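Colleague: I have a structure here, written as structure tokens, and I will follow up with some questions on it.
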Amino acid sequence: MIKLTDVNKRFGTDSNEITAVDNVNLTIEDGEIFGVIGYSGAGKSTLIRLLNGLEKPTSGEISIAGHELSTIPAKELREARQKISMVFQHFNLLWSRTVKENISFPLEIAGVGKNDRDRKVSELIELVGLKGREDAYPAQLSGGQKQRVGIARALSNDPQVLLCDEATSALDPETTDSILDLLTDINDKLGLTIVLITHEMHVIRKICHRVAVMEAGKVVEMGNVLDVFQSPKEQITKRFVSQITQTAGAEQALQHLKAESTGGTLVKLVFVGDRTEQPVLSTMIRRFDIDVNIVQGDISHTKGGAYGTLLLQLFGDRDKVSSAIDFLHGEGVRTEVIGID
Ligand SMILES: Nc1ncnc2c1ncn2[C@@H]1O[C@H](COP(=O)(O)OP(=O)(O)OP(=O)(O)O)[C@@H](O)[C@H]1O
């Protein structure tokens with residue numbers, strides 16, 4: 001378990017002080033994939049550097065896997081840090097070493113014998129899907145393959161916690177997805193805790209169990225990913241959620257409808273979890289005798305269940321349309337009227 005209690009990190013002097021991490025309290029359970037999202041300067045990197053012991057908090061306590069990082073002596077801190085590994089945005093590989101030599105490097109430093117090193121390296125190469133590329137140099141690999149080496153190297157010391165610092169931010173969307181699948185697979189197979197920082201809600205949606213939203217050093221919102229998608233409370237969280245829900249397709253469809261003035265009441269529905277599987281719409285159409293035009297829709301899948309939005313045009317008697325919208329509310333579907341013609 002990772003526990004942060006009243007953690008503050010300030011840089012600079014009294015006259016020019018920056019609070020990078022501002023009174024953060026959070027608990028991350030063993031085996032959890034926990035995401036921290038925030039814009040540039042929110043304090044994510046500082047938070048992750050506090051977690052791996054590279055920075056000491058100005059005040060507060062950080063405990064990881066039973067070690068109190070903020071107070072332990074240097075030798076114990078080195079031992080504790082063996083249990084915490086890191087994956088970096090720009091991979092941080094050794095360019096003059098092959099794939100297997102990169103993965104083996106932390107084991108050499110730890111004094112592990114050659115036979116054990118070789119066995120561990122081939123296990124890891126298999127795990128991250130790099131079989132056949134053992135003797136390649138980083139310059140001969142794609143971005144996704146480089147990150148696979150970075151992940152294998154991070155796992156070589158059998159860590160309990162894997163910290164990922166924008167691990168997919170330098171990758172294209174398809175490669176991002178394959179690396180996120182790999183992280184999910186590792187979490188399932190090895191049961192290790194993963195803490196990742198990102199500015200992309202897609203990353204949070206795809207693999208995290210819980211998320212903390214950071215702004216100006218503070219954790220302003222935290223919860224299960226599906227709950228946060230369903231009802232984001234803070235303005236900044238709403239902006240992150242809309243990275244996914246207001247797709248380009250929805251925006252285009254809206255612009256087109258506004259320009260065409262096709263009539264009806266334009267509503268956006270947000271479905272969460274079980275609601276995505278129930279015939280709420282057909283019940284509404286039958287019961288209220290209205291016509292429906294589906295303008296745009298998409299369903300996203302989070303670890304906690306499905307989440308979707310649907311843009312509809314409702315046509316019919318105004319009272320019936322209004323009762324239909326009330327019905328949707330009653331069924332637990334969040335409904336927002338975007339325009340009435
Ligand atoms: N070593 C340092 N000395 C002084 N100020 C720092 C230091 N490290 C971070 N800061 C400041 O702390 C604040 C938070 O920075 P941090 O890098 O943690 O944010 P971030 O969310 O990771 O942003 P980014 O994604 O751009 O790295 C910023 O105002 C930054 O300038």
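Colleague: Is it true that some residue in the stretch 60-82 is surrounded by 20 or more Cβ atoms within 10 Å (Cβ to Cβ), on the phi < 0 side of the Ramachandran plot and within 16 Å of the ligand (Cβ to nearest atom)?
Modeller: For the stretch 60-82, residues surrounded by 20 or more Cβ atoms within 10 Å (Cβ to Cβ), on the phi < 0 side of the Ramachandran plot and within 16 Å of the ligand (Cβ to nearest atom): present.
Colleague: Residue check: is VAL112 more than 22 Å from GLU174 (Cβ to Cβ), free of Cβ contacts under 8 Å to residues at least 40 places away in the same chain and outside any loop (DSSP other than H, G, I, E, B)?
Modeller: Answer is no for this residue.
Colleague: Quick one: in the stretch 10-30, which of the residues that are more than 15 Å from the ligand (Cβ to nearest atom) and among the hydrophobic types (A, V, I, L, M, F, W, C) is surrounded by the fewest Cβ atoms within 10 Å (Cβ to Cβ)? Spell out the reasoning first.
Modeller: In the first step, residues of the stretch 10-30 are kept if they are more than 15 Å from the ligand (Cβ to nearest atom); the result is 25-30.
From the residues that got through so far, the ones that are among the hydrophobic types (A, V, I, L, M, F, W, C) too are 26, 28.
Details: LEU26: 17, ILE28: 22.
For the stretch 10-30, the residue satisfying everything is LEU26.
Colleague: Among the listed residues SER85, SER63, SER96, SER45, which satisfies the condition of being more than 23 Å from LEU26 (Cβ to Cβ) and among the polar types (S, T, N, Q)?
Modeller: SER96
Colleague: Within the stretch 191-242, track down each residue that is more than 10 Å from GLY35 (Cβ to Cβ), in contact with a Gly (Cβ under 6 Å, 6 or more places away or on another chain), within 16 Å of the ligand (Cβ to nearest atom) and among the hydrophobic types (A, V, I, L, M, F, W, C).
Modeller: Across the stretch 191-242, the qualifying residue is only MET214.
Colleague: Which members of the stretch 222-236 meet the condition of being surrounded by 21 or more Cβ atoms within 10 Å (Cβ to Cβ) and either more than 21 Å from GLY332 (Cα to Cα) or at pLDDT 95 or above (or both)?
Modeller: none
Colleague: Can you pull out every residue in the stretch 31-55 that is away from the ligand (no atom under 13 Å from the Cβ) and on the phi > 0 side of the Ramachandran plot?
Modeller: Within the stretch 31-55, GLY31, GLY53 qualify.
The values are calculated or read from the model by the stated rules, or taken from the named source; none is laboratory data. The structure displayed is predicted, hence computed values, not measured ones. Every residue, glycine as well, gets a Cβ built from its backbone with ideal geometry; the counts of neighbours run over all protein chains shown.
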